Amino acid sequence: MTQAAFNGIRGRQDIVSLVLGGETVIQSESYQVKSAILTQPSAFSMRIGTGDSLAKLLAKYPPNTPFQLKINDITYQTGRTDARGSASTGHDELVLSGRDLLSKLHDPSIPEEFTLKDPTYKDLITKVLVANGLTDAKLVGSNEANRKAMVGVSRDLEIQPPRDALGEKVETEAGGVPDRPLEAHFGERWLEYIHRHIGHAGLFLWAAADGKTFVLSEPNPNQVALYQLLRKYKTTNGVNNACTILSETFNDDTVGRCSECRVYTRGHSKKKGRQNAQGVAHDKEMQAYGFTRVHVEKDVNAKTPKRAEFWARKWIAESIRRSWRLSYKVFGHTTKSMIGEHVCWTPDTIVYVDDEKLGLRGNYYIEGVTFDSSPHATTTLDLMRIDSLIFSDKVPA
């Protein structure tokens, strides 16, 4: 049985299919596909029914079988299967699950300690890739090519690209060059080792959909709004939605947020000796709500007022990401875009929201996408506010 999802736009249908072992294309009975920027690796689970016996399917598709998961003709994930099982729903069906290429760095641990002296971020990631047998993998500093391939467009979407950090030297949390070689700890997972050194630099690592490329970059809010979510009480020309919104989840929790953040640290000046450096940032929304909460941190790894101010702004942004949540569930997996093309919902993109029900209007960042077939084909979009996307004090040239 082919799972075809009517997406409500121009009578178009979306078909989710799986290529196993590079040969067989199997169309699914049911599925769930998750892809996100801040939560890795991407993963899928799928229930498959065919004319073959279950024993034959289990033997044919053991764990670690290469897969490609496709939305219509777009390759959305590439990796290896992790698990297999059975489901009895009137006839035998095979249940498969798998993750993308990043799983090769997520699971194994570092077998012996080593150090890297004065590496760039490219040196760091390349060392890990080679150690895990991924010698043919490509490492890029921009998600633009992968984004366009997953969306299904040829035109550029970025107004301004994020910084390309591959050639940058790995820095400490304080922003300076380490005074000793980077240490890899015995038993530490490879991906944890990577995150330990790229996280405070505002960088994230994810696998591109082609199964050959890794992307080291950061969420980019500087893009054209590709999608739109419109929900109006009054229709215009009989149409009130750009796509079919089924439901939403919205939570605006001010617990954990403050109207002002002050960061104090220890600076150094030859003329004045050691002195307190202070950075201040404000949450204007909390101020508008009438809150006068002040959050204070001391001895954060910053040596100048400018660096302290960045830590304050970053703390405000992190508190928004923890406390403000918005997701929409829509019909289908593709939609008509604001640039006129039919496109696939994809993370690391921008959607324009005009929602009269929630009183929201403006651009939002799509951090995560979940495709689900039950009870009918839907897409859940996890959105973030643009002002919460502060991960680094680096400014693209």
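Just so it is clear, none of the values below were taken in a lab; they were calculated from the coordinates. Just so it is clear, the structure is predicted and the values come from calculations on it, not from any experiment. Here the Cβ is made from the backbone with ideal geometry for all residues, glycine too, and neighbour counts use every protein chain on show.
Against the longest principal axis of the chain, how steep is helix 121-131, in degrees 0 to 90 to the nearest 10, with axes from Cα atoms?
50 degrees
Can you tell which of 53, 35, 103 shows the greatest fluctuation in a Gaussian network model of the chain with Cα springs below 10 Å?
Between 53, 35, 103, it is 53 that shows the largest mean-square fluctuation.
Kirkwood Rh, Cα Rg: Rg to Rh for the range 78-156? Write out the running numbers ahead of the final one.
Details: Rg = 18.4 Å, Rh = 16.3 Å.
Across the range 78-156, the Cα-based Rg/Rh ratio is 1.13.
Please build a GNM for the chain, connecting alpha carbons under 10 Å apart, and tell me which residue among 380, 78, 120 fluctuates the most.
120
Rounded, prolate or oblate, given the Cα gyration tensor of the chain, with a/c below 1.5 counting as rounded? If you can, show how the numbers build up before the last one.
Details: a/c = 2.28, a/b = 1.31, b/c = 1.74.
It comes out oblate by the Cα gyration axes.
Setting aside same-chain residues fewer than 8 positions from residue 117, which lysines have a Cα under 21 Å from its Cα?
Residue 117 reaches 127, 169.
Taking the chain as a Gaussian network, where each spring joins two C-alpha atoms under 10 Å apart, which residue of 222, 251, 72 fluctuates the most?
Highest fluctuation among the options: 251.
Given the pairs 122/394; 60/138; 34/394, which are separated by over 20 angstrom at their Cα positions?
Numbers: 122/394 17 Å; 60/138 30 Å; 34/394 30 Å.
Too far apart for the 20 Å limit: 60/138; 34/394.
Between residue 303 and residue 19, what is the label-to-label distance in nm when each label sits 7 Å out along the Cα-to-Cβ direction?
5.1 nm
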